[in-house]
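Okay, handing you the structure first.
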Amino acid sequence: MNSQEKAKNIETVIPELRDFNIDQLAGLGSPALAHSIALYRERLRETGITLSSFDARI
Amino acid sequence: MPLTKHILPATAFAELADGGGGPATMRQLSEAQLSKHLMLLCALAEAARGPQPGPAAFRAGFRQLAKIQADGPAAADWLLGSPHLGGWIHDSLIRQDQGGTPDFGHFAGLVAAAAVRAGRPADLEVPVRDGRVLLPGLGSLLVPGGGDDGEAAWLRLRCDGQLVTAGDQLVLPAGQLVPDDGTTAVVPGWRGTPAVRASAGGRDWTVLLETGDPYLDRYSLPMRTAMSAAELGEWRERVRAAWSVVMDRHRWAAEPLGEVISVIVPLTPQSETDLVSGTTPAAYGAFATSWPPDPVTLAETLVHEFQHVKLCGLLDLVPLVRTGGQPVYAPWRQDPRPASGLLQGVYAHAGIVRFWQAQRHAETDPDGLLRAQVLFARWRSVIGPAVQTLRQTGSLTPAGIRFAERLAAQGERLSAETVPPAVGQIAAQVSLDHRLTWELRHLVVDADGADRLAAAYAGGGATGPEPVRTWIAEDVRKVDASLRSRLLNLRYLDPSRYRTLCADGVLPLSAADRLLLADRSEDAVEAYRAQIADSAGPQFDAWIGLALALHQRPPSPLHEVMATRLALIAEVHARLAGPVDPLDLARWFT
């Protein structure tokens, strides 16, 4: 891939967390992570993903 | 360690936009799902506080998952990538958002499943509901008397890597707690989640038929939670046959699909003839379907729903469409759809067209061939216009615009192929019927404009240069032409059934509808014309029939105006006093 093609690569909205140990993540307290979570929550509200029937009955 | 974002290569984006997705691209999507689920687990971990059993079980599960991950990531990745985790975690977030309390304890069962599956040590308090401990993705431990009142009871579940001990009594080998693919021996105290092992063209595919995880009961129809052994056998057989179809003719979809789809949720249909399928962004790797009538239909559903799954995965990474904006026409739906729904639909239908493009060369019996030809012709004709509608919404992001450009190019390539003229005519007629029915239901005509035109017509004037404003709103008119529309579709979807129904002659159709279905277009035009002119009230279904009958004639300005301005013409007609010939009025608009 040349530099022009690389430039077209897309930085996504999902943080790369696979290299973190799960224990580390719990205490990460990163503002960037909190921002990504807030964005995802907002998207959930906007797209109207609904509860499972199980939870909707509760 | 600094936090970075997933990078999606330009080549992967292009592959997905073109409807494909090689192994590397599918890996990109799957890896992003792991990160997404980790991110959402972090969000829940912050809220899982306090001494109650649920949050305590969550925290124990979190620590246990960290140990499993430290011993080797594959077992943790299996859980983090599973639709079972996705379904539960999305419910948990939504419940939080609504001010409720998430079912924290369920996470302990998910982690226990990962430990048991990988033969790793675990010691967790897990919830018992309705006499069972759910190990999502594997099955259920049967614990009579536990949680029978619907409230969760708790039970200690230990795994030493070899044996699983549930409470004080149940001890089972971990290696036997597996899904039930129909070949495993019965294990007392265990009910494996039904599974199918399919093999064709040198590729194996194992997929669960999920009937027990309440967090995957999240589609438009209820999950089938009870299935007899005979029904289960039929589902397994159908899935295997469908896998053969996709492997034989649709390998472009089969290979990535086999990597990504791990769960099918069988649905309970409202009627025996309804085929309903669906996908949710909450459960990447799963889709739901009611009982498919034949293997080719299930194969089409696999391709169709896999398109949705891929697009859901991409949308998690890259916003393609903004919310808000006016709903618009989608050629596969009865209701107005938001731009996001139109994008999902056009992407799914691009896959469907590709499916029928190949399938029409595989069908050998005349009825199967007719179905394949018409479905190819019908759906390819909507790709370009639907992408155009999508662009006009103004809701696409810059990445969405690039995505739509590639979709439009696909539509153009598919349009270059020829189909027999009779096939093209059937496809065009059902497409027109769908659009006109939708417009008469949902297109509002400005009342002042319609009044002005009615007065001009009655006074012998011209239509005038000023266009009449129209906009979309749900169900502004009652249009009842569902039987005629169903029969127009049945002609090619199930020609044999169509012939039987027509031969019986018992269907409650109008005389005009019978003439239309018999392709007696001249007689049908006259019958609809009389029906509309002689009626005191609006005859919207007859207006559609008239447009369809005119469509069977050679192209003309009249045909064109009826296809493009029908709601306006019908509204003006409704304002005129006395019998008015609908064709005379329609000609006035040409």
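All of the numbers you see were taken from the coordinates with simple rules; none came from a lab. Every value quoted in this text rests on a predicted model; they were computed, and no experiment measured them. Quick reminder, even Gly has a Cβ in these numbers, built from the backbone with ideal geometry, and neighbours come from all protein chains shown.
Rounded to two decimals, what is the ratio between the C-alpha radius of gyration of the stretch B:114-246 and 2.2 N^0.38 Å? Each step should come with its number before you reach the end.
Working: Rg = 16.0 Å, N = 133, 2.2 N^0.38 = 14.1 Å.
Here the Cα radius of gyration is 1.14 times the empirical estimate.
Cα to Cα, under 17 Å, and not fewer than 8 places away if on the same chain: which lysines meet these conditions relative to B:Lys310?
Within reach: B:Lys36.
For chain B, compute Rh as the Kirkwood radius over C-alpha pairs and then the Stokes-Einstein diffusion coefficient at 37 °C and 0.692 mPa s; write the answer in µm²/s, rounded to an integer.
Numbers: Rh = 26.8 Å.
Result for D is 122 µm²/s.
With each pseudo-label sitting 7 Å past Cα toward Cβ, what's the B:Arg203-B:Ser496 distance in nm, one decimal?
Result for the modelled spin labels: 3.0 nm.
If you don't mind, another one. In units of 2.2 N^0.38 Å, what is the alpha-carbon radius of gyration of the stretch B:526-588?
On the way: Rg = 10.6 Å, N = 63, 2.2 N^0.38 = 10.6 Å.
Dividing the Cα radius of gyration by 2.2 N^0.38 Å gives 1.00.
Reachable aspartates and glutamates from B:Lys478, Cα under 14 Å, same-chain residues fewer than 8 places away excluded?
Straight-line reach from B:Lys478, under 14 Å: B:Asp335, B:Glu439, B:Asp541, B:Glu571.
Now for a separate question. Give the lysines whose C-alpha is closer than 20 Å to that of A:Lys8, dropping any in the same chain fewer than 8 places away, or say none.
Cross-link targets: B:Lys5.
Hey, could you pull the Cα Rg and Dmax for the stretch B:324-401, both in Å?
Over the stretch B:324-401's Cα set, Rg and Dmax evaluate to 14.6, 47 Å.
Could you tell me the distance between the Cα centroids of the stretch B:217-269 and the stretch B:80-120, to the nearest Å?
When both Cα centres are located, 23 Å separates them.
Let me ask something additional. May I ask you to derive the relative contact order of chain B, considering only C-alpha pairs under 8 Å and at least 6 residues apart, and to give it as an integer percent? Before the final figure, lay out the partial values.
Details: 915 pairs, mean separation 51.5, N = 590.
Reported relative contact order: 9 percent.
Could I ask something else about it? Based on Cα coordinates alone, diagonalise the gyration tensor for the stretch B:194-256, multiply each eigenvalue by 5, take square roots, and list the semi-axes in whole Å, largest first. Kindly include the intermediate steps, with their values, before the conclusion.
Details: eigenvalues 119, 40, 18 Å².
They are 24, 14, 10 Å, listed from largest to smallest.
OK, next. Please quote Rg/Rh for the protein assembly as shown to two decimal places, taking the Kirkwood radius as Rh and restricting both calculations to Cα atoms.
Numbers: Rg = 27.9 Å, Rh = 27.3 Å.
In the protein assembly as shown, Rg relative to Rh is 1.02.
Using the 2.2 N^0.38 Å rule of thumb for compact globular proteins, work out how the stretch B:256-331 stacks up: its C-alpha Rg over that value, please.
Working: Rg = 14.1 Å, N = 76, 2.2 N^0.38 = 11.4 Å.
That ratio works out to 1.24.
Another one. Can you give the FRET efficiency to the nearest 0.05 for B:Ala473 and B:Thr397, using r as the Cβ-Cβ distance and R₀ = 41 Å?
Once rounded, the FRET efficiency stands at 0.95.
Would you mind giving the average projected area, over all directions, of the Cα convex hull of the stretch B:47-175 in nm² with one decimal?
On the way: hull surface 30.4 nm².
One quarter of the hull surface, i.e. the mean projection, equals 7.6 nm².
Let me ask something additional. In square nanometres, what is the average projected area of the Cα convex hull of the stretch B:431-589? Write out the running numbers ahead of the final one.
Values: hull surface 38.0 nm².
For the stretch B:431-589, averaging the hull's shadow over all directions gives 9.5 nm².
State the dimensionless ratio Rg/Rh of the stretch B:188-337 (Rg: radius of gyration of Cα atoms; Rh: Kirkwood radius).
Details: Rg = 16.1 Å, Rh = 16.4 Å.
Ratio value, two decimals: 0.98.
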